[in-house]
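Coordinate-derived values only; no laboratory data. Because the structure is predicted, anything quoted here is derived from the model rather than measured. Cβ placement follows ideal geometry from the backbone for every residue including glycine, while neighbour counts extend to all protein chains displayed.
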């Protein structure tokens, strides 16, 4: 029994369909920077991987997962396959979290990070496998697909010319590649050149955005049009200011009328603040 066919794909379909119909459910489980950084709602880094924007988004991810998961799951076993899939989901969101840490309203959904993790784990183990191009009767070696995909993802992160989560794709791909090597160390010896070709530009790019974060500062029409959100720091300061004003009012009420004048809600607010 395939874990992908009988568990992961049906779970994605069920959860995504619920999200299509229920916006409150969607917002509760989607990946949001402020929800993770401010409210410590870490479950979103996994639950967002089972939500999708629309049927086309869901179909594309599930087809890619179905076609790439079979040989990897058969080779590694279901448990190791699940480890790669879920760690890739989290890895994708971690890179998104780092890159968009100052964009508090940034959000994303989709299984893409898990899917790319599965694809790149397969490439690490079988770099010579042929990967077909959509609607074209040709295929290219897995290592070449991996290199092109990484370079395109880096370009997408840097340019921000569309609304695709390239950062999650790159993060998921790297985690899938690395975890597969940890599980099968012989792959690093047998497929050294292919792995190095794929991983070097990724590591260099991550090093650059850590040491020189200003390279992500861009100015283009799409980004300016779609990114007018306040930052996480700004949102935190706004919430902190509002909370302080609320506490000041309660303290003033105590000063004038005593503790007995407080409502249960005001007492709870004061108790929470004291913690």
Q.
Sorting check: for 173-185, 43-55, which peptide has the highest mean count of neighbouring beta carbons within 10 Å, and how do the rest follow?
A. 173-185, 43-55
Q.
What FRET efficiency comes out for residue 155 versus residue 101 if R0 is 25 angstrom and r is the Cβ-Cβ distance? Round to the nearest 0.05.
A. 0.75
Q.
Just to confirm my numbers, what's the Cα centroid distance between the range 1-45 and the range 64-136 in Å?
A. 16 Å
Q) Which of the peptides 57-64, 76-83, 121-128 is most tightly packed, and how do the rest follow, going by the mean number of other Cβ atoms within 10 Å of each residue? A) 121-128, 57-64, 76-83
